Structures are given as C-alpha cells and as structure tokens.
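The values are calculated or read from the model by the stated rules, or taken from the named source; none is laboratory data. What you see is a predicted model, and the numbers here were worked out from it, not measured in a lab. Methodologically, a virtual Cβ is constructed for each residue, glycine included, from the backbone with ideal geometry; neighbour enumeration extends over all protein chains shown.
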Amino acid sequence: MKQTSEMRASKPSATGTAFKATGAFPIESNPVKHNDSGGASRFFYCAKASRKERGEGNNHPTVKPLKLMEYLCRLTRVPTGGIVLDPFMGSGTTGIASLRTGRNFIGIEIEEDYIKIAEQRISGEREKSKGMLFS
C-alpha cells in the first residue's frame with residue numbers, strides 16, 4: 001500500500017503561506033519567523049579549506065574547513081562527550097576536528113581512494129598531537 005500526501009497552499013498568513021496537508025503526513029501549518037535577516041554565514045563564517053589544510057594529494061572535491069568542523073564538534077558536544085559519526089567521511093576533516101576537540105570519532109567512506117587520504121590525514125594529526133597536553 002503506497003502512502004501519499006498532498007499539499008495545498010491556503011491563504012497567506014502574517015508568517016508566510018500556510019499549508020494544509022491531507023493524507024498520512026501532517027505538516028506544520030504555522031512556521032516560526034524571526035525578526036532577523038541575512039544568510040547563515042552571520043552565525044559562523046570561515047574561508048574554504050586552504051591548499052595547506054587540504055594536504056598534498058587530496059583530490060576530494062568538497063574538503064571542509066577545519067575551523068568549521070571544530071566549531072561543529074564543540075557545538076554538538078554532550079556532557080558525556082559523545083561520539084562524532086561521519087557517514088560520508090571523504091578526506092577525513094571531521095575526524096581531524098574530532099581529535100582536536102577531544103571527541104571520539106567513527107568515519108564511514110565507500111571510496112577507497114578517499115579512505116587512504118583520510119587515514120593519512122588523521123594519522124598525521126595524531127602524530128602532531130603526541131606529547132601535547134590535550135591529545
């Protein structure tokens with residue numbers, strides 16, 4: 001049995017267009033609006049990953065900036081520390097950020113080339129942090 005949901009726009013409200021849902025999936029009809037403007041970069045901005053940060057031989061197309069991933073690791077920290085799960089590890093930036101912020105990390109990647117890059121980058125970060133007080 002296939003479940004479907006239909007959405008129809010009703011009259012505009014003060015907070016935007018309200019939607020009514022019919023079918024199996026109810027949809028919130030009064031979205032919350034805030035008195036602010038601008039893009040998401042107003043919360044946290046950092047430049048894209050530099051060549052030095054990417055590392056030699058890193059051909060992954062979407063390397064994330066370490067500062068951003070460190071920020072997200074700190075932002076999502078729970079009192080017990082928690083574990084950072086990256087189901088699309090790519091070249092391992094989240095793993096490095098996890099090490100730098102004292103978090104445990106599980107990375108999953110399907111592409112063997114990227115796994116090798118991630119292993120090299122994370123191992124290099126471990127070597128750098130040996131002997132430091134916050135490893």
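Whether a residue is at pLDDT below 85, touching an Asp or Glu at 6+ places or on another chain (Cβ under 7 Å) and surrounded by 10 or more Cβ atoms within 10 Å (Cβ to Cβ) was assessed, and G81 does not pass this test.
Could you say whether any residue in region 5-26 is assigned to a loop (DSSP other than H, G, I, E, B) and either modelled with pLDDT of 55 or more or within 30 Å of R121 (Cβ to Cβ) (or both)? There is no residue in region 5-26 that is assigned to a loop (DSSP other than H, G, I, E, B) and either modelled with pLDDT of 55 or more or within 30 Å of R121 (Cβ to Cβ) (or both). Assess whether M69 counts as being within 12 Å of the chain's Cα centre (by Cα), without any contact (Cβ under 8 Å) to a residue 40 or more places away in the chain and part of a helix (DSSP H, G or I). Yes: the conditions hold for M69. Tally up the residues in region 53-76 that are surrounded by fewer than 10 Cβ atoms within 10 Å (Cβ to Cβ) and either at pLDDT below 85 or under 16 Å from G107 (Cβ atoms) (or both), please. Here the count works out to 1. A single member of E119, E109 is of a type in the set (D, E, K, R), assigned to a loop (DSSP other than H, G, I, E, B) and at pLDDT 90 or above, and it is E109.
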